[in-house]
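Asker: Supplied in structure tokens, the structure appears directly below.
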Amino acid sequence: MAEKFLDALLRRDGLGVYMFSPACSCCKAPLGGDTRLFRCTQCGEFLQCANGLLLRHALTPLHAVQEWNGHHWVTARLSGEGSLGLIYQIGHHGFPCEFPGQERSMVVLDLSGIHKIRYRFCEWNAWYPASTIDPETCATLDTLETFRLLNVVGNMNVQDFVGTLERKTDPLRVGELLDRYKAFGYMAHQYNFELCAKRTGRGHTEDGITKATPGAFTVLCWPCPHESKNLPEGWRDVETKYKFLYMLLIAMDANFRLKNRLRANENEDLALRAGNGYFVEDTGYKQHLRTYVAEKDASTCIAFTALLQKETRMTSGLQCSGVGGCVCARHGVIRPQGLGDLQKGERYANMDYILLSALLGVTLLALTISYDISDGQSRFLRPFMGRL
């Protein structure tokens, strides 16, 4: 059985069923003379002449096509230099425009590979540009979405993803392809931001993106109590024995696996959701921590590893030693502004600031906080709230 599969793969490298009479599957023009034969690996591997290929791909210029050179299949181009001459009309899904713009060239990153195409511009549609001023690079939304999923599920980075597209385009000429590593990183960053704005309803609010409030780019925990959203009328006046139904349960902890190292050549990325997402606003957070540099955390319990290791934990060379967070204890959903970097262990100055940021705007009758070193926090939280 293995040999049969091997034979099938080898036949695919040649003409296969067309070996004895290679001709266009549509117009029946035979190979030879002026007739060149192609195949598209995405439309189906039937043979096509140049005219038929261009006609079928006027609306799909990013398909990967190959040409039979008499001995084997070689990579062919629909558009761009040394191609079949396809010019794509952007803004009309490839259909003709009554007032076509000037012909230009652009690099497009697609799941089928990296393509350099010729196009005429009318308006953007389904291709994400790397720049809004004379863009020379863009990526399809399907490519950006696939990378987002691979990044979340498989922890794939931009360099590996772009390298995969380069090898899929032409594994023998990777060094000759135009480098689009940085451009794709910018597009992926912006796409994630726009997708987050869409999911959190920023496109349906009057203030939109520019006037977003702290925590506006987060998805709230739906079952948790939210005033004016999912609480019944008169919920404030319920009997004492039923008040637990409208109680917010918060769990706090730190994760010291999420380290961030200092790098000499590190570039500071622009934060598109500074203070409006799950992490606290960085400027105010660091300004607050400067007033607690010399303050010592104390515990009345016998031993808490989190506090005992605060001074001894290895933090040299680290920009941040971990991340502290607040989540909904019932459902595990991260609170808006419920995350923050830890510079030197799990200090109360960090965790209290994160907690209060996560509780901004909460108006409930009762609140329960679960924290493994809350003995010291319970004594220092109230005076800390007054100072903050």
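Asker: Would you order 39, 273 from fewest to most other beta-carbon atoms within 10 Å of each residue's own beta-carbon?
Answerer: 273, 39
Asker: For the chain, with only Lys/Arg (+1) and Asp/Glu (-1) charged at the beta-carbon, what is the dipole magnitude about the Cα centre, in debye rounded to 20?
Answerer: About 560 debye.
Asker: Further question on the same structure: Rank these for me by crowding, 290, 347, going from fewest to most other beta carbons within 10 Å.
Answerer: 290, 347
Asker: Using 22 Å as the Cα-Cα cut-off, could you pick out the over-long pairs in 116/168; 211/259; 259/344; 182/211; 116/182; 259/286?
Answerer: Beyond 22 Å between Cα atoms: 211/259; 182/211.
Asker: Pick the calculated Rg and Dmax of the Cα atoms in Å for this structure from (i) 29.3, 92; (ii) 23.5, 92; (iii) 20.9, 64?
Answerer: Looking at Rg and Dmax of the Cα atoms in Å for this model, the match is (i).
Asker: May I pose another question? Hey, got a sec? Which trypsin sites (Lys or Arg not before Pro) in region 134-232 land in a DSSP loop and have at most 16 other Cβ atoms within 10 Å?
Answerer: When the trypsin sites (Lys or Arg not before Pro) of region 134-232 are filtered for loop state and at most 16 Cβ neighbours within 10 Å, 173, 211, 229 remain.
Asker: Output wanted: per-residue J couplings in Hz (rounded whole) for region 120-137, from phi through Karplus 6.51 cos²θ - 1.76 cosθ + 1.60, θ = phi - 60°, x for Gly and Pro.
Answerer: 3J(HN,Hα) across region 120-137, in whole Hz: 10, 9, 10, 7, 6, 7, 6, 10, 8, x, 6, 8, 8, 10, 6, x, 10, 9.
Asker: Which order results if 316, 112 are arranged by neighbouring Cβ count within 10 Å, fewest first?
Answerer: In order of increasing Cβ crowding within 10 Å: 316, 112.
Asker: Which aspartates and glutamates does residue 243 reach when only Cα atoms under 16 Å apart count, and residues fewer than 8 places away in its own chain are ignored?
Answerer: 227, 233
Asker: Rounded, prolate or oblate: pick one for region 87-199, where a ≥ b ≥ c are the square roots of the eigenvalues of its C-alpha gyration tensor, a/c under 1.5 means rounded, and failing that, prolate if a/b is larger than b/c, else oblate.
Answerer: Verdict is oblate for region 87-199.
Asker: How big is the charge dipole of region 114-170 about its Cα centre, in debye rounded to the nearest 20, if each Lys and Arg gets +1 on its Cβ and each Asp and Glu gets -1 on its Cβ?
Answerer: Here region 114-170 has a charge dipole of around 140 debye.
Asker: Kindly express, to the nearest 10 degrees and within the range 0 to 90, the angle between helix 141-154's C-alpha long axis and the longest C-alpha principal axis of the chain.
Answerer: Result, in degrees: 50.
Asker: Taking the Cα centre of region 87-199 as origin and charging only Cβ (+1 Lys, Arg; -1 Asp, Glu), how large is the dipole, in debye to the nearest 20?
Answerer: Magnitude of the dipole: close to 140 debye.
Asker: In the chain, with Lys and Arg counted as +1 and Asp and Glu as -1 at Cβ, which of these residues, 178, 27, 251, has the Cα nearest the positive end of the dipole, that is, farthest along it?
Answerer: Positive-most Cα among the choices belongs to 251.
Asker: I would also like to ask the following. In percent, what relative contact order does region 95-162 have, based on Cα pairs under 8 Å that are 6 or more apart in sequence?
Answerer: 26 percent.
Asker: Name the residue from 66, 100, 143 whose Cα lies farthest towards the positive end of the charge dipole of the chain, charges +1 on Cβ of Lys and Arg and -1 on Cβ of Asp and Glu.
Answerer: After comparing all options, I get 143.
Asker: Taking only DSSP H segments of four or more residues, each worth -39500 (n - 2.57), what value at 222 nm results for the chain once the sum is divided by all its residues, to the nearest 500 deg cm²/dmol?
Answerer: Helices in the chain give a 222 nm mean residue ellipticity of -8000 deg cm²/dmol.
Asker: Considering only DSSP beta bridges with both partners in the chain, what is the antiparallel share in %, to the nearest 5?
Answerer: 70
Asker: Could you grab the relative contact order for the chain? Cα pairs under 8 Å, six or more apart, rounded to a whole percent. Numbers along the way, then the final one.
Answerer: Numbers: 566 pairs, mean separation 40.5, N = 388.
With pairs under 8 Å counted, the relative contact order is 10 percent.
Bear in mind these aren't lab numbers, they're just calculated from the coordinates by the rules spelled out. Remember, predicted model here, so these are calculated numbers, not experimental data. Heads up, the Cβs are rebuilt from the backbone with ideal geometry, glycines too, and the neighbour counts pull from every protein chain shown.
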